[in-house]
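Take a look at the structure set out below.
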Ligand SMILES: CC(C)(COP(=O)(O)OP(=O)(O)OC[C@H]1O[C@@H](n2cnc3c(N)ncnc32)[C@H](O)[C@@H]1OP(=O)(O)O)[C@@H](O)C(=O)NCCC(=O)NCCS
């Protein structure tokens, strides 16, 4: 069953994120950091998040935003001291991660598209639940939510080598817009336009 993400889901969602989004800088940070970001996203009017729950266990989730910059400003405004502490703890243990922290501040700029502020942020499905179209259903649920709010253009950044996610996006008519380098890895921005005859929602 797909339903809105709630605060009590965050612990399981953080575990899924840490297990399967290892390439992401966020996954290198303390769990506290992810917990605050995810709770902040659930509590923010700029956040949209769903989980897939089966037999009392969360087997997948998706997070998105109507405006990435506003979402992170909103979260920072409310909990900046806890986030700062989590980043400092990580940097004390792994000082080389400073370059990731600095680069994070340029994310909005690097992924800026003139008419598209809405963004899919994170999606993960538990290993045993993959290839059952669950991620497709989660993305479609989010797209329907954007459509309901009259938001028609949505972007997503992926790592160039993530062929499964590329297949997922292409099957939902996302098109590649451009490539750039982020956290030392080649990344690509895809975009979809839900206007008029979009047939998947
Ligand atoms: C990417 C991910 C979310 C896909 O989840 P999923 O539920 O297995 O995907 P779906 O079953 O909805 O399949 C979506 C499409 O990908 C294809 N696909 C899924 N797994 C595949 C695989 N291992 N090999 C080839 N194609 C695959 C499906 O066939 C489908 O394409 P189609 O509609 O053209 O047939 C999942 O693999 C995952 O959690 N990966 C780790 C985290 C990650 O990379 N997240 C994305 C970061 S941006």
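The values are calculated or read from the model by the stated rules, or taken from the named source; none is laboratory data. Since this is a predicted model, take the numbers as computed values, not measurements. A quick note on method: Cβ atoms are made from the backbone with ideal geometry, for glycine too, and the neighbour counts reach across all protein chains shown.
Anything in region 104-154 that is free of Cβ contacts under 8 Å to residues at least 40 places away in the same chain and within 17 Å of residue 166 (Cβ to Cβ)? List them, or say none. Passing the criteria: 130, 131, 133, 136.
Considering 69, 53, the condition of being at pLDDT below 95 and in contact with a helix residue (DSSP H, G or I) (Cβ under 9 Å, 6 or more places away or on another chain) is satisfied by 69 alone. Looking at region 1-92, the strands (runs of 3 or more DSSP E) lying wholly inside it that each contain 1 or more residues that are farther than 18 Å from residue 145 by Cα and touching a strand residue (DSSP E or B) at 6+ places or on another chain (Cβ under 8 Å) sit at 47-54, 57-65.
Residue selection: residue 104 satisfies the criterion of being more than 19 Å from residue 49 (Cα to Cα) and either at pLDDT below 95 or within 16 Å of the ligand (Cβ to nearest atom) (or both).
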